[in-house]
Amino acid sequence: MKRAIKSLAAAVLFLIASCIRNEVVDADGNRYHMVKIGKQVWMVENFRSTRFNDGSPIPHVADSVAWHSLSTPGYCYYQNTSNPDTIKMFGALYNWYCVNSEKFAPEGWRVPSNEDWMTLQNYLIKKGYNWDGVKRDNHIAKALAAKKGWKPHGLKGMPGNEMQKNNRSGFSAVGAGFRYDSRDSVGWYPIFGAVGHKAGWWSATEVNESIATVYGMAFCVDYLIEYQQWLKTCGYSVRLIKKKQ
């Protein structure tokens with residue numbers, strides 16, 4: 001009996017240790033799960049730390065004019081919410097100057113490059129994660145999308161259609177929206193938009209001095225989208241990838 005109890009206790013401790021090893025902790029103490037996809041290991045949730053990995057604060061910029069004027073790191077939450085459940089679900093929105101900082105990610109992690117995103121895409125296509133099962137072209141959005149957090153859509157194969165069939169990869173993408181710059185006759189206005197409709201994550205790869213690459217998804221599009229036109233001053237989500245050992 002005692003031996004059985006000891007064995008059970010050892011098994012419980014092993015499970016607890018495994019759970020701890022399968023979590024990542026940021027400078028705020030937020031915990032994130034991870035998923036292995038091919039040879040890559042990704043965080044399952046969008047990043048939401050308000051501090052760099054050395055403990056120094058990332059500037060929180062809610063004001064629209066101040067946000068557009070940034071050429072240094074800044075973060076915000078969608079529609080400047082303070083709801084902890086919303087923040088946990090969607091994460092924070094960061095400008096590119098944040099993700100370009102060497103202090104941004106927890107130790108052992110980094111912001112993915114274009115090459116990382118393409119490796120993810122090509123692996124999923126090759127392994128049959130396209131919603132239609134065809135091992136060519138890019139129809140992997142449904143396999144990346146979470147089972148909730150998307151606007152419903154009637155067309156088969158879209159993240160917003162039959163959401164219970166989403167997320168075969170375990171990536172758990174949600175439609176967190178973004179903060180982008182929109183010009184009218186008066187000036188620039190950073191606007192929040194597309195929550196539930198779209199997701200966008202910064203790449204570490206820049207296009208030029210003003211623009212960096214963003215990878216994204218939409219409730220009505222069946223493929224992983226590559227954008228190469230968004231200003232570094234925009235606010236997008238971040239998914240981190242584990243550094244190779």
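The values are calculated or read from the model by the stated rules, or taken from the named source; none is laboratory data. Bear in mind that the values here come from a model prediction, so they are computed numbers and not experimental data. All Cβ positions, glycine included, derive from the backbone under ideal geometry; neighbour counts span all protein chains shown.
Key figures for this structure:
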| item | result |
| --- | --- |
| One residue from Lys36, Lys88 being among the basic types (Lys, Arg), free of Cβ contacts under 8 Å to residues at least 12 places away in the same chain and surrounded by fewer than 20 Cβ atoms within 10 Å (Cβ to Cβ) | Lys36 |
| Long-range neighbours under 8 Å by Cβ, at least six apart or interchain, first residue farther than 22 Å from Met89 by Cα within segment 134-158, second of a type in the set (D, E, K, R) and not in a loop (DSSP other than H, G, I, E, B) | Lys135/Lys126; Gly157/Lys142 |
| Some residue of segment 57-77 being surrounded by fewer than 18 Cβ atoms within 10 Å (Cβ to Cβ) and under 18 Å from the mean Cα position of the chain (by Cα) | no |
| Some residue of segment 118-131 being among the charged types (D, E, K, R), without any contact (Cβ under 8 Å) to a residue 24 or more places away in the chain and over 30 Å from Ser56 (Cβ atoms) | yes |
| Sole exception among (1) at pLDDT below 55; (2) not in a helix (DSSP H, G or I) for Val24, by number | (1) |
| Hits in segment 152-170 - residues which are part of a helix (DSSP H, G or I) and polar (S, T, N, Q) | Gln164 |
| Filtered residues of segment 191-242 (kept if in a loop (DSSP other than H, G, I, E, B), in contact with a Phe, Trp or Tyr (Cβ under 8 Å, 6 or more places away or on another chain) and at pLDDT below 95) | Ala194, Lys232, Thr233, Cys234 |
| Residue in segment 58-76 that is out of contact with any strand residue (DSSP E or B) (no Cβ under 9 Å at 6 or more places or on another chain) and closer than 25 Å to His33 by Cβ present | no |
